[in-house]
Structure formats: C-alpha cells, structure tokens
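Colleague: Here it is, the structure in full.
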Amino acid sequence: MRNMHRVVCAVNESLYYQMLCKGLLQSLLKYRSIPYKITVLLDGENSQPFDDLREQIEIVSVKPLDIICGCVSSRTTFARLEIPYIFPHEKRILYLDVDTYIMNDIQELFTIPFKTIAAVVPGQHLMIKELLTREFKTNLNKMDYVLDGINYSVGSDDHIYFNAGK
C-alpha cells in the first residue's frame with residue numbers, strides 16, 4: 001500500500017484561530033480525492049472546536065520556542081520549524097496556514113518534484129540565523145535544545161524560514 005501524504009497546520013488556543021483552522025480542515029476534507037494524514041500542531045490544551053473531526057485528524061501537542069520577533073506576534077508561528085523533528089521519516093509534508101481555505105483538490109501538489117524546501121508566500125525567505133540576528137541585533141549561535149525527549153536545533157546556517165505575518 002502506498003504511503004499517505006501528510007498535511008500539517010499549527011494553531012494555538014485562540015478560538016478565533018481555531019475556528020479558522022476548522023474551516024481549513026473542513027475544506028481540505030471536502031475537496032480531497034485521496035486520503036491524507038491531517039495533523040494539527042496544537043500549542044496549548046484546548047481543542048474543543050475540533051472534537052467532531054477527531055476521527056479524521058490527528059492532534060499533536062507542541063511547545064514552540066518562545067520567540068517573539070518583528071511582525072510575528074505568536075510563538076505558534078514557529079511550530080512549523082519543528083515539523084521535520086516531529087515527523088522525521090516523512091519524505092514530503094504540506095504545511096498550510098490556518099487562514100487558508102481549500103477550494104479544490106490539492107493532490108497535485110504532492111506530485112510536483114521538489115529537490116528542496118518550497119513555499120508560496122507573499123514575502124521572501126530568510127535564513128533563520130539572519131532573522132534572529134536582525135531581530136535581536138546580536139550575532140546568535142546555533143541553539144540546540146531538547147523538548148519532550150526530542151533534540152531540536154535552530155539557527156544553523158542552512159536553516160531556512162519563510163516569513164509569516166505582514
């Protein structure tokens with residue numbers, strides 16, 4: 001049997017963002033032509049708005065780095081940086097912002113041959129080290145940390161981060 005593709009989004013306990021996320025999930029489920037592994041990275045405890053979707057989605061609790069910088073007002077934005085560590089054996093994962101609404105089948109996105117990270121964003125991508133250096137006005141070194149028994153590394157020279165917000 002062929003492996004299912006994984007689609008991931010991240011949300012905190014804000015009811016506003018959870019309702020946006022629920023709209024994303026419902027639209028994804030409505031227009032899918034094949035099954036996906038759908039994962040919500042939840043920064044917090046409350047997930048009541050997703051109760052009726054529990055059989056079709058997976059909720060993974062996360063605690064992103066508590067970094068607030070620039071136009072990024074929520075640490076949940078940084079949860080996407082943890083995706084490769086949470087799903088180390090996945091070859092391809094599609095991350096969607098919670099304010100996205102799917103209007104057609106997205107299966108084709110999983111057939112596009114990528115050799116690197118790709119994103120559709122209205123801004124530019126930044127190296128995370130450059131982002132942290134610019135925002136904190138200091139030369140930061142790579143930061144390694146352990147969370148729930150998983151090793152994480154942020155700020156290496158090749159760690160790409162795509163702009164969120166603005």
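The values are calculated or read from the model by the stated rules, or taken from the named source; none is laboratory data. Not measured: the values here are computed from a predicted model. Cβ sites come from the backbone with ideal geometry, for glycine too, and all protein chains shown count toward neighbours.
Colleague: Among the residues of region 7-16, is any surrounded by fewer than 20 Cβ atoms within 10 Å (Cβ to Cβ) and either at pLDDT 90 or above or in contact with a Leu (Cβ under 6 Å, 6 or more places away or on another chain) (or both)?
Modeller: The answer is no; no qualifying residue exists.
Colleague: Do we have Leu28 as in contact (Cβ under 8 Å) with a residue 24 or more places away in the chain and out of contact with any helix residue (DSSP H, G or I) (no Cβ under 9 Å at 6 or more places or on another chain) here?
Modeller: Judged against the criteria, Leu28 is a match.
Colleague: Report whether or not Ser33 is under 25 Å from Asp105 (Cα atoms), assigned to a helix (DSSP H, G or I), small (Gly, Ala, Ser) and modelled with pLDDT of 85 or more.
Modeller: No; evaluated as a whole, the condition is false for this residue.
Colleague: If you take the residues in region 71-99 that are surrounded by 15 or more Cβ atoms within 10 Å (Cβ to Cβ) and polar (S, T, N, Q), which one is modelled with the highest pLDDT?
Modeller: Across region 71-99, the extreme among qualifying residues is Thr76.
Colleague: Residues Gln56, Gln18: which one is in contact with a helix residue (DSSP H, G or I) (Cβ under 7 Å, 6 or more places away or on another chain), assigned to a loop (DSSP other than H, G, I, E, B) and among the polar types (S, T, N, Q)? Can you show your working first?
Modeller: Numbers: Gln18 fails: assigned to a loop (DSSP other than H, G, I, E, B).
Of the residues listed, the single one that is in contact with a helix residue (DSSP H, G or I) (Cβ under 7 Å, 6 or more places away or on another chain), assigned to a loop (DSSP other than H, G, I, E, B) and among the polar types (S, T, N, Q) is Gln56.
Colleague: Here's another thing I want to ask about it. For region 41-64, indicate whether the set of residues that are at pLDDT below 85 and charged (D, E, K, R) is non-empty.
Modeller: Of region 41-64, the ones at pLDDT below 85 are 63-64.
If we keep only those that are charged (D, E, K, R) as well, we get 63.
Yes.
Colleague: Keeping to region 32-51, report how many residues are in contact with a helix residue (DSSP H, G or I) (Cβ under 9 Å, 6 or more places away or on another chain) and either surrounded by 19 or more Cβ atoms within 10 Å (Cβ to Cβ) or over 18 Å from Arg75 (Cβ atoms) (or both).
Modeller: Count: 13.
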